[in-house]
1. Exactly one of (1) in a helix (DSSP H, G or I); (2) open to solvent by less than 20 Å² (accessible area, probe 1.4 Å) is unmet by Ile349. Its number?
2. List pairs: first in segment 45-74 and more than 19 Å from Leu227 (Cβ to Cβ) and without any contact (Cβ under 8 Å) to a residue 24 or more places away in the chain, second among the hydrophobic types (A, V, I, L, M, F, W, C) and part of a helix (DSSP H, G or I), Cβ under 9 Å, 6+ apart or cross-chain?
3. Looking at segment 80-88, can you tell me whether even one residue there is of a type outside the set (A, V, I, L, M, F, W, C), assigned to a loop (DSSP other than H, G, I, E, B), closer than 30 Å to Gly371 by Cα and in contact (Cβ under 8 Å) with a residue 40 or more places away in the chain?
4. If you check every pair at least six apart or on different chains, which have Cβ atoms under 9 Å apart with a residue in segment 162-174 that is more than 10 Å from Ser131 (Cα to Cα) first and a residue that is assigned to a helix (DSSP H, G or I) and open to solvent by 60 Å² or more (accessible area, probe 1.4 Å) second?
5. Taking into account only those residues within segment 92-108 that are under 17 Å from Glu305 (Cα atoms) and either at pLDDT below 85 or of a type in the set (Gly, Ala, Ser) (or both), which is most open to solvent (accessible area, probe 1.4 Å)?
6. Going by what's in this entry, would Glu300 be described as of a type in the set (Asp, Glu) and within 22 Å of Leu272 (Cα to Cα)?
7. Could you tell me whether Gly162 is at pLDDT below 90, part of a loop (DSSP other than H, G, I, E, B) and surrounded by 18 or more Cβ atoms within 10 Å (Cβ to Cβ)?
Amino acid sequence: IDGSGGDVRRNIFLAVKDDIITAIGSAADLPCNDGDVIDDFSHCTILPALVDCSISLSRSPSVDCRVRLSTEEADLAEKASLLDRQIGYCRAHGVLGVADSDAITDLVECYQEGMDPGGITIRTSGRLCRSRHCVSDNSAGCDFLKIAYSGNIEDRNASHPGLNYADLCHILQNRGGQKAVVVANGLRPVEEALEAGCDAIEQGYAMGEDNLRKMAETNVLWIPSVLRAKNALDSAGTGGDVCCRFSHRYVAPGKPIPGAEAFWKKVVAEQLTQLRFARKIGVTTAVGSGAGSVGILHGESVAEEMKLFIKAGYSREEAIRCASENGARFFGMEQLGRLIVGRQATFLIVRGTVQQLPRKLSYLEAVYVDGVRH
């Protein structure tokens, strides 16, 4: 599966020389030169490394508020240790590119000083933009802007001082060429974000078909983050928080919130309907899990978001494109994305068949980074 969204190619070889993919072709035409090393993965599936377009590497997804608070109050060394652990979870599930929405530049530098060759590509936005001054505040060391024009969907009852339309326009007009991802939900907020000239919409709940059509026309990326609402639904039945291992849900004690389960069922269903329509009209979509939010784990949550894309009608090949090529291109991760001749030899090998994806991403046979097996 090369990440283009095209059909699966079977019985093929992939040749690597000097860290670069040099050929992809039928196994029947495999050249046999003296000295060539041939690894047989005929029992496996090859696919591109994955990219999570919405993640917080410095936050713990623990449902225990004491754990989350201690993480926030930790010193630099402790935070760097947590970062290293979260990166390990990502790598273990084939996520080798992430777009982080926290101010972690110092942490990333600390991590990269001792990183091994299996490290991941990290793009950072700096602190989430909540005021018109965030452009100057985030100018140093950030790769893109992330702007909170609406609250996160699972924090619907939280009160945040919001930006107005003039503030949003000011930020986007003074971003200095940086790409801007706007978190926006609802018809009017998304419409205003598009009018102001954003490059991507994250979440986009209840934004409606007209906004999706405009996104298709203007090639604005959509990061739908369906898992955020699905996670809220999973916890709504008891009122407890979910410690999300997805296949085995653990629910903390709590009283049910009247109407919460019905509300989140409706939200999830509406978002899946929007995602289905986006596929139909050609909106470019990308996978962003929201990992680091309560109950959403780093690494494996990408596979869970992919399952929701497939539930909305995407083929496995299309879901993998959304979880690799689309995010890699948007965030300028040149060494990741579609597997083509001339690109860095960074890819995943999964034991099993295509039909077992994305579940089998938890059981990787091998990860190749720049032609080296890890």
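The values are calculated or read from the model by the stated rules, or taken from the named source; none is laboratory data. This structure is a prediction, so every number in the text was calculated from the model and none was measured. Counting neighbours? That spans all protein chains shown, and the Cβs are built from the backbone with ideal geometry, glycine included. In case anyone asks, the SASA skips ligands and DNA or RNA and just uses the protein heavy atoms, side chains included. Shrake-Rupley method; radii C 1.70, N 1.55, O 1.52, S 1.80 Å.
1. Here Ile349 meets the rest and fails (1).
2. Between residues of segment 45-74 that are more than 19 Å from Leu227 (Cβ to Cβ) and without any contact (Cβ under 8 Å) to a residue 24 or more places away in the chain and residues that are among the hydrophobic types (A, V, I, L, M, F, W, C) and part of a helix (DSSP H, G or I), the close pairs are Thr71/Leu82; Ala74/Leu82.
3. Going through segment 80-88, the residues of a type outside the set (A, V, I, L, M, F, W, C) turn out to be 81, 84-86, 88.
With assigned to a loop (DSSP other than H, G, I, E, B) added as a condition, the list becomes none.
Checked segment 80-88: no residue is of a type outside the set (A, V, I, L, M, F, W, C), assigned to a loop (DSSP other than H, G, I, E, B), closer than 30 Å to Gly371 by Cα and in contact (Cβ under 8 Å) with a residue 40 or more places away in the chain.
4. Going by the 9 Å Cβ cut-off, the qualifying pairs are Tyr165/Glu195; Cys169/Glu195; Asn174/Ser136.
5. Once the filter is applied, the top-ranked residue is Ala92.
6. yes
7. No; evaluated as a whole, the condition is false for this residue.
This table checks each residue for (1) of a type in the set (Gly, Ala, Ser); (2) in contact with a Gly (Cβ under 6 Å, 6 or more places away or on another chain); (3) part of a loop (DSSP other than H, G, I, E, B).
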| residue | (1), (2), (3) |
| --- | --- |
| Gly295 | yes, no, yes |
| His298 | no, no, yes |
| Ala303 | yes, no, no |
| Met306 | no, no, no |
| Glu317 | no, yes, no |
